[in-house]
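Single-structure report; data block below.
The values are calculated or read from the model by the stated rules, or taken from the named source; none is laboratory data. Since we're looking at a predicted model, the values are computed, not measured. In this analysis, Cβ positions are derived from the backbone assuming ideal geometry, glycine residues included, and neighbour counts consider all displayed protein chains. We work out accessible area using only protein heavy atoms, side chains counted, and drop any ligands, DNA or RNA first. Shrake-Rupley method; radii C 1.70, N 1.55, O 1.52, S 1.80 Å.
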Amino acid sequence: MEQHLSLFYGLSILIAAIAFAFAAYLYVWVKRQPLENQKIIEVAGLIRNGANTFMSREYKILAVFAGVIAVLILLFLPSPIWKSDIFSNIGMAVSYIAGTVLSAIAGKVGILVASLSNGRSAEAAKKGIKPAFLIGFRGGAVMGLLVVGCSVLGVAAVLWIVGDASILLGFSFGASSLALFAKAGGGIFTKTADVAADLTGKVELGIAEDDPRNPAVIADNVGDNVGDVAGMGADLFDSNVAAMTSAIVIAQSLAGGAYNNVSMVFCYGILGLLASIIGIATARIGKNGSPTNALNSSTYVTTGIFMVLTALATYFFPGFSWRIWGAATVGLLVGVIIGITTDYFTDDSKPIVKKCANASKSGPAFTILSGVSYGFISSMPAMVGIAISALAAYKICEPMGPGYAIFGISMAAVGMLSIVGMIISNDAYGPIVDNARGLAEMGDLGEETIRIADELDSAGNTVKAVTKGFSISAAGLTVISLLGAFMSEVNAHLIASGAEPITGFDIMDPTVFFGILIGASIPAVFSAMLILGVDKNAQRMVAEIHRQFKEIVGLREGDPSAKPEYDKCIDIATTGSLRELIPAGLMSILATIAVGIIGGAKAVGGFLLGNIVSGLLLALFMSNAGGLWDNSKKYVEAGNEGGKGSEAHKAAVIGDTVGDPFKDTAGPSINTQITVVSLVASLLSAVFAAFSIFG
């Protein structure tokens, strides 16, 4: 059996190496595409330098934070170093550092590729939609392949070396903690610039979105990279690692067949990566094709390939269970269905976006009211989908024996995230073509080129909303399985101390209910802290833009000799986001610890339940409402409901500025937040099992 598992360790390394080689090929292909427009080269250089400056300053702060956490882990986890085997503590600390480093690399690679692709995609748009689309998609695919390759390789390497799934929790916590702060910091940066640029440019002055006169325009493009590319890469690296980790922790705790179960986790992980490689390699668009259809069809092709490959693996490998395959397949199919329902609420060719745009003719209040209402409605299909997939996976695997039901849920999460390589490729495509649209305007490439770039950007917004819904839903299943991992870890400590193990969390138990209420409040407070960060920083930037238009002679009129001070806006966004980086995430972690110390393991279980339910609802609502407002604005700008400069346009822009921190700061950060607190709970399970005030 151990030999069986060693085979999948080896295959994990092999498939990861193939993914890295294919990513290198795509990187070289993108780099070879022509970039000749000097204005685009100059502006792309400003964007690249701004992004690298922010990332280096952010990573210095996070390196200090990670160093402190690593020392605490070394001293106290999995148990105090003076009471335990010192090598277990060293292994946990090293795996934590490895998780943070790989997560940081995911973000850095994203910045590198995005800054390489954006200008080339803009210039390719002069030749048509097909070459511009391919550069944007393949640039995103480099990141998708590297992120998933690193996650599969990292999990396999840690487990192969230490052989203890509990140590994997340290690796996953490293990935999650860095992703939480990277997503929050990048999200505050990008929306500070985006909100300030839109309000001063479109609403006050009536100038184009990427008019180079606007001092915030470069900061806005930098933000697309540090928030939507680097932050998202770290976020989905964390989600994939957390899904595999929770499944492996539960698999190792099951009686009998443990090696087969762990092998299935690795098998499905590497086959998902292989399916993504094939899907990316075969992605195509016609000369006058739809980029949205091309991106969605690639996702469906990858889904079909994964289902076939895993069915063949289940058939041919002895000990693999068709029930577990069924649970993973349910997760994957529900993920695709959630993506389709999200598309209905956020695609500007569908009725909901058109209704919101029409409401904008009556003023911004109606834009906000319709967007909030449809955003709340849109969260229901995804919540129902998560509930159905969790219930179906539970029931499919329940007959296999004790513990297998929760393992089925964890495998549904693995299934839903199996095609994450394709999901990241689609997601990273969005900010690349968003930058390309701005560069096309600043490079004076002409109205037709800008129109093509707008079409690519609109597809990016639609698909980005779909991928966010997909990743938030996958996080929902992942944290349900992490709740199972928490129970496994706590019960191991309780049994060792002679206490009764936990069999569930009874909501009538006052300590559990205490935890539920506290846990449910955390995502709301976490979101508020991030959105207030955007609010405060955007106000500072608006004041700076007003100063420049007032003091720089000829800037407002478009005098070529009047140069805006782009670096001042970049510095405001950088300084402000780094100031707001730590508090929200630290609040979530400290709240988890406080609940555990007060109410014990059962209270923490309740805390996680409340956190999961309220966090998923808020994340889905904000992500979908933001995408709806963004595409309503683009629908009006395409000439509908009065077009650019109309009252409907001004109202739609205000809706978009409200939606910006919803969809790109708070919404996608919540799924990382609930993953982080779940991992903190598992890592500190021994403390909560041994000591509490009221537990």
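Miscellaneous remarks
- The peptide list 502-510, 376-384, put in order of mean Cβ contacts within 10 Å with the highest first, becomes 376-384, 502-510.
- Structure-based [θ]222 nm, the chain - -39500 (n - 2.57) summed over DSSP H runs of at least 4, per residue, nearest 500: -29000 deg cm²/dmol
- Distance in nm between pseudo-label sites at Phe317 and Ile81 (7 Å out along the Cβ direction from Cα): 3.7 nm
- For Asn288 and Val64, a Förster radius of 60 Å and the Cβ-Cβ distance give a FRET efficiency of 0.70, rounded to the nearest 0.05.
- Computed in the context of the full set of protein chains, the accessible area of the chain at 1.4 Å probe radius has 67% of its extent on carbon or sulfur.
- Net charge of neighbours whose Cβ lies under 13 Å from the Cβ of Asn491, counting Lys and Arg as +1 and Asp and Glu as -1: -1
- By average C-beta atoms within 10 angstrom, highest first, the peptides 619-631, 25-37: 619-631, 25-37
- The mean accessible area for residues of the chain, using a 1.4 Å probe and ignoring ligands and nucleic acids, is 33 Å² per residue.
- At q = 0.07 Å⁻¹, base-10 log of I(q)/I(0) for the chain (Debye sum, equal scatterers on each alpha carbon): -0.42
- Calculated log₁₀ intensity ratio I(q)/I(0) where the Debye formula runs over C-alpha points of region 329-474, q = 0.20, 0.21 Å⁻¹: -1.14, -1.18
- Report note on the peptides 519-530, 601-612: ranked by the mean count of other C-beta atoms within 10 Å, highest first, their order is 601-612, 519-530.
- Volume per residue that the Cα convex hull of region 371-456 spans, once the total is divided by residue count, Å³: 124 Å³
- Tensor-based shape of region 534-654 (alpha-carbon gyration tensor, a/c under 1.5 rounded, otherwise prolate or oblate): oblate
- Evaluated on region 424-580, the Kirkwood hydrodynamic radius is 21.1 Å, with distances taken between all distinct Cα atoms.
- Student exercise, region 407-489 dipole from Lys, Arg, Asp, Glu Cβ charges, in Debye to nearest 20: 480 debye
- Estimated Rh, region 602-695: Kirkwood, alpha-carbon pairs, angstrom: 15.7 Å
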